[in-house]
1. For the stretch 9-137, with equal point scatterers placed on the C-alpha atoms only and solvent neglected, what are the log10 I(q)/I(0) values from the Debye formula at q = 0.14, 0.20, 0.23 1/Å, to two decimals?
2. Of Tyr102, Tyr111, Tyr78, how do they rank once you tally other Cβ atoms within 10 Å and put the fewest first?
3. Return Ile68, Ile98 ranked ascending by Cβ neighbour count within 10 Å, so the fewest neighbours appear first.
4. Of all alpha-carbon pairs in the stretch 59-105, indicate the percentage at a distance above 11 angstrom.
5. Please list, or write none, the lysines whose alpha carbon is within less than 17 Å of the alpha carbon of Lys86, excluding same-chain residues fewer than 8 places away.
6. Summing +1 for each Lys or Arg and -1 for each Asp or Glu, what net charge is found among the other residues whose Cβ lies under 11 Å from the Cβ of Ser58?
7. Spelling out what I want: for every residue of the stretch 75-91, take phi, set θ = phi - 60°, compute 6.51 cos²θ - 1.76 cosθ + 1.60 (Karplus), and round to whole Hz; glycine and proline get x.
8. Using 0.36 nm per residue, how much length does the chain from Glu117 to Arg34 gain when fully extended, once their Cα-Cα distance is taken away?
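None of the figures in this text is laboratory data; all of them are computed from the coordinates on show. Because the structure is predicted, anything quoted here is derived from the model rather than measured. Cβ placement follows ideal geometry from the backbone for every residue including glycine, while neighbour counts extend to all protein chains displayed.
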Amino acid sequence: MQTLHTCKAVVITCIDFRFQDFIDQWLEKHFTPRDFDRVALGGGVKNLGVILSQIKISHDMHHIEKVILINHENCGAYAEADTPEKHAHDLLETKTKIKELYPDLDIETYYLHLDGEFEPVSLSESQWLETAPSLQASGQNISI
C-alpha cells in the first residue's frame, strides 16, 4: 500500500544564488510548516515545457493546491531579453497555461528585485507595468 504524500504548493524559481536567501525567508514566512515542492531552473519560468512537466508531477503526486512562480530582476538566463516587460509577459503566459491545464489551482506570480522585494504580478501585463511603482521610480521605460 502506497502512502499518500501531499503538500500545499509547488514553488518555481530561478537557480541564481543571489536570490536564495530572499526566497528562503519568503517561503519560511508563507509556508509553515515547509509543505511545498521546490523547483529551481535557470530563468525561472523561461522554459514553459519543463515548468509544466514539473507542475504535473507535483500535482499528480503531491496533490498541490497552489503554484508560486518567481522570476527575478537581472536574470542572466534571459540575457538581452531581461526586461520587466519580458518577465511580466512570461509569468502571465505561464499562469494562463497552467490555469488552462489545472483550473483548480491557485497561481501567484512574483517579480523579485535585487533588494529582495517580491512584487506581485497579478494584473494583465500592461496593467502591471503601469502600476508597478518600483519600475516607475527606477526611471525604466516600461512601455510595451
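1. The computed values of log10 I(q)/I(0) come out as -0.57, -1.20, -1.55.
2. On the way: Tyr102 16, Tyr111 23, Tyr78 19.
Final ranking by Cβ density, sparse to dense: Tyr102, Tyr78, Tyr111.
3. Details: Ile68 24, Ile98 21.
Neighbour counts put them in this order, fewest first: Ile98, Ile68.
4. Values: 759 of 1081 pairs.
The share of Cα pairs beyond 11 Å in the stretch 59-105 comes to 70 percent.
5. Counting by Cα, and skipping residues close in sequence, Lys86 has these lysines nearby: Lys46, Lys95, Lys97.
6. Residues close to Ser58 contribute a combined charge of +1.
7. Working through the residues one at a time gives 8, x, 5, 7, 6, 5, 7, 6, 10, x, 4, 5, 5, 4, 4, 5, 4 Hz.
8. Numbers: separation 83, 0.36 × 83 = 29.88 nm, distance 2.10 nm.
Here the segment from Glu117 to Arg34 would lengthen by 27.8 nm.
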